[in-house]
1. State the antiparallel share, in %, of DSSP beta bridges confined to the chain, rounding to the nearest 5.
2. Assuming 0.36 nm per residue, please report the length gained on full extension of the stretch D145 to V35 beyond their Cα-Cα distance.
3. Run the simple label-point estimate for N100 and K240 please: 7 Å along Cα→C-beta, distance reported in nm.
4. Tell me, what is the percent relative contact order of region 381-450, built from C-alpha pairs under 8 Å that lie six or more residues apart?
5. Applying 1/(1 + (r/R0)^6) with R0 = 41 Å to the Cβ-Cβ distance of R253 and A321, what FRET efficiency is obtained, to the nearest 0.05?
6. Quote the FRET efficiency, to the nearest 0.05, computed for H329 versus F136 with a Förster distance R0 of 22 Å and r equal to the Cβ-Cβ distance.
7. Which peptide among 30-38, 403-411 comes first, and what is the full order, when sorted by highest mean count of other Cβ atoms within 10 Å?
8. What distance in nm lies between label points placed 7 Å from Cα along the C-beta direction at E87 and E53?
Amino acid sequence: MTKQVHLAAHFPGVNNTTVWSDPAAGSHIEFSSFVRFAQAAERGKLDFLFLAEGLRLREQNGAIYDLDVVGRPDTFTVLAALAAVTEHLGLAGTINSTFNEPYEVARQFASLDHLSGGRAAWNVVTSWDAFTGENFRRGGFLAQDQRYERARTFLSTVQELLDSWRGDEVVADEDTGVFLTDPAAGTFAHSDAHFDIAGRFDVPRSPQGRPVVFQAGDSEEGREFAASAADAIFTRHGTKEAGQAFYADVKGRLARYGRTPADLLILPAATFVVGETDAEAAELAAEVRRQQVSGQTALRKLEEVWNRDLSGYDPDGPLPAVDPLVGEHTVAKGRASVRMNRDPLAVAKDWRERAEAKGLSIRELVIEISSRQNFIGSPTTVAEQMIDLVESDASDGFILVPHITPGGLDPLVDSVVPVLQERGVHRTEYPGTTLRDNLGLPPLGGVRVA
């Protein structure tokens, strides 16, 4: 049987993929943008729309990092509103397990699942830096092993709350006058190192019972967490070889938790540029990269490694001769790329050697080392690339990240999806009523409400 290509859409915003300066770009906060984007995804029969989350505006040299699209309206508010203007599209939200409480999150997801008729999904994330923590009462941050331990406990506690309703308690029998058959419905008591709560959960069981659970992370702890508890995992791996290695590693961990490879979908993020021909797409992709990496953006990217103000350098000139400043202080606060470059001196050395060998300026180097387009080509070429990666067990599908909001999804939905449908690897109609159904995930045990 041919493997199906799962597709989802990421509404861009908390990243610098977005070309906000393009004349075709629109608002990242007006509801009309979310509606247009979601309805395009549903037109293409995509699995779900995904919202990332930014809990603090990132900074560089003490100022807001305005090269990203700043800000993000509240996730649940946006997804609940989108539930009213879509019928089948899954609604996935990133909600932090470090700075929230289980009862509140369980209540919000149960409500969203009811409002959407069973289309809610939760991307469980942790927060790694004290900079973000300053926005919250507890402040500070947790070490990586403690973050994932809290996340595991947080997730299991939320699921315990959701499962406090079986789904058959509300009968509302007019003849007998019985509304609720179980006076203990919603009762819970949970106590561990992180949470000590007890009471009555006030939202009856929702259509899915629990939201579909996503996880994003490439660390050892993240992979193990996904294998133990997630329904899908987001990855960064853009090449076939890296994707296959990740796919085999994570799927190989499932058996120890009594799970099968079908229980977990692996969905890397993927940018794309589609043209009428491969040559046209390549030309468009080069222009997109030039838009995404302006001279100012290139200098800011370099500052994340050099850890010093480089605003006086010419982005069309050579890399700085001075070495990065190494230490705990960083000029780029709240950016994950800072912790990814754990050895800035080695990174700087590698970049200098690459720039010298190819005669690259600062801007040209940044364009090369931060290339984002995973799929570039005609509709047929892009469709064949996707099919090859899925059939080669490098992924189960892709989270599509357009560079224009809100219309950037349209070219792929209107030209690539029909090719995938013709090849029999992407649905022409939604097969079920819930997101879990449409993802092909095994059903949860227990009673489901109608």
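The values are calculated or read from the model by the stated rules, or taken from the named source; none is laboratory data. Bear in mind the structure is a predicted one, so any value in this text is a computation, not a measurement. Note that we place each Cβ from the backbone using ideal geometry, even for glycine, and neighbour counts take in every protein chain shown. Heavy atoms of the whole protein, side chains included, go into the accessibility calculation; ligands, DNA and RNA do not. Shrake-Rupley method; radii C 1.70, N 1.55, O 1.52, S 1.80 Å.
1. Details: 11 of 45 bridges.
If we restrict to bridges inside the chain, about 25 percent are antiparallel.
2. On the way: separation 110, 0.36 × 110 = 39.60 nm, distance 3.86 nm.
Full extension of this stretch gives 35.7 nm more.
3. 3.9 nm
4. Working: 23 pairs, mean separation 14.3, N = 70.
Across region 381-450, relative contact order equals 20 percent.
5. Working: r = 46 Å, r/R0 = 1.11.
E between R253 and A321, to the nearest 0.05, is 0.35.
6. Details: r = 22 Å, r/R0 = 1.00.
The formula returns an efficiency of 0.50 here.
7. Numbers: 30-38: 17.9, 403-411: 22.3.
Top to bottom by mean Cβ count within 10 Å: 403-411, 30-38.
8. 3.1 nm
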